[in-house]
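Working notes for the structure below.
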Amino acid sequence: MNALLGAAVAALVAAGLVPAVRRLAVRVGAVDLPGGRKIHAQPTPRWGGLAVVAGFGVGLAAWALLGGPPAWDRLLVPLVGGAAVFAAGLRDDVRPLAPGPKFAAQTLAALWALAFGWGFQQISLFGTTWTLPPALAALLTVLWIVGVTNAFNLVDGLDGLAAGVGLISAIGMAAVFALLGDTDNAAVLLVFAGALLGFLPFNFHPAKIFLGDSGSLVVGYVLAVSALGGSRRGASALAVGVPLLAFGVPILDTLLAMGRRFLGAWAESGGPGRPLVDRLRAARRMFEADRDHVHHRLLAQGLTHRGAVLTLYAVATTGVVLALLSVLARYRNVGLVLVALGVSVYVGLRQLGYRNPLELRAAQLLAWYEQRGLPRRFFWSVVDVALASAAYWGAFLIKFEGGVWRPEWSVYARGFPAVLALQVGVFALFGLQRTVWRATNVGDALRWALATLVAASVGAAAAMALEDRAGQATFFLLDGLLLLVLGLGVRSAYRVLAYLAQADDPRARPVLLYGAGHGGRLVLRELRQNPAWRMRAVGFVDDDPRLWGSEVNGLKVLGPSSRVAEFMARTGATAVVVTTDKIPVARVEGLRARLPEVAIGWLRLRWEPLVLEPAPRSEAARADR
């Protein structure tokens, strides 16, 4: 009840201060002018964060006076850390601040929370809990706080979006903490939700005032540290599943934006022959603004300004509901919920016009894969060291159910260098570093499998000789399996990316391939791998009824040539490509006669007979006889 009164006070204070804050913002020049990539048409004051922060502070004070928190650090962490990012945001709203100082303020605020013990301690997922080493826990804590803080800043692109999503997330996380019995964190989040609720009517479209960086950064920071605060009382699963669901909209939008900008700049910075350092400068583009966020995509789909915002409210609410359900299920299903949500996100992004999530064009990744910044043998040697290390310690985590700091750890750590050296040496003996893996085939895969078997066996023998671990066959079996899967995955990556890049250009002309035999497969492969043809196969046509309805190299055999007109209307094809000489010319001409308006042509690969003549003998050879 006291927390609800504090939330009411926060809402009243925030709403009451908005008119005064608007006048103050206009006086100091904290006004967002229309133009460029901006959507609004009228100059709008920015300093809405000042009203939210004031309401939050007064609401917390009211809650404390009414019998508030037993531990004052529950207030000190969000207030003092929030003040740091708030100050940076205020300055940025008046005059743009360089990314460096903004990130410095956010990092200091994250370290402040870390100093009070607010951070990752354990990670629970799929029913397993991992205790993190202190250094890794600190790093993840800083990355989490800075990342979520910026996520809410980036999502603040439509009237009421960041404030509304923040309100939904705050209420959802407050409910989570209430279910877990952490009433202090629940109360802090309720008061913060009250401040956002009081501000939101002035920020909803058409906005009278913007949240600004002074507000969006504070929203992200308070929510990020509040989620971490629960881990101090045993709510370790909050470190992974629940906040990811509750903060899903801004986190997803941030990942999409940063990935899209970086890969776009990487592709534009030059071909694979450019120096690696020049290509890495593309990372700067991740922080440049654009008009390709999720909310922009919704507007492009024809939604109104309010419609786009309400749609994202609904998505955020869905994430919060899933988070609550995962808590009620005691986190057992939170991992499965994340997987299911990931599939749903993929489908949704396709509907929004993202050809691939993050628009990770396979062609761009192929150029990245082909980068020649290091000699091939040295590069693959480094990769093999990383793979062998990952397999070894991955097997350890699986065997001991995620326990990192266990008594057995020191035993496995002592044997690790010898196992690593022997396994990488086996790979070198098999010549794996010399192989051109872009041309990998079944034989190369079998050679990797054999090398993995030998490497795992040699590593097991060495480890057992160094330590009395004769009963740890399960560990070395896991090590070998992980090494096999990781190695095949990495070394087949080029072929996988090449396959994904085959149909990467939707602007290519859609065509039907006439003939699904060997010639058809060769033509299909040529069209997919050679973009110069500017053709995209959308189906096979073949007169063999045994092939109808089947798939050849992932392309469906639609039916006989007598139904070409029907198939073209169904698939949108604009031409027919004949792929083999085995199709009688008369049948092709009959097809032309029936469909005079359709372009029909031949594209076939021929094998010319080759007669090898004996090589002429040299004069020296004749003289020897």
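What follows is calculated from the coordinates using simple rules that are stated; it is not laboratory data. From a predicted model like this one, the values you see are computed outputs, not experimental measurements. Cβ placement follows ideal geometry from the backbone for every residue including glycine, while neighbour counts extend to all protein chains displayed.
Couple of notes before you dig in:
- The stretch 1-28 and the stretch 552-602: distance between their alpha carbon centers, rounded to Å: 69 Å
- A Förster distance of 30 Å, applied to the separation of the beta-carbon atoms of Val411 and Val321, puts the FRET efficiency at 0.05.
- Subtracting the Cα-Cα distance of Ala569 and Thr474 from their residue separation scaled by 0.36 nm leaves 28.5 nm.
- The order of the peptides 384-391, 155-162, 557-564, 80-87 by mean Cβ neighbours within 10 Å, most packed first, is 155-162, 80-87, 384-391, 557-564.
- Two-decimal Rg/Rh across the stretch 506-602, once Rg and the Kirkwood Rh are taken from alpha-carbon atoms: 0.92
- Here Ile251, Ile209 are placed in order of increasing Cβ neighbour count within 10 Å, fewest first, which gives Ile251, Ile209.
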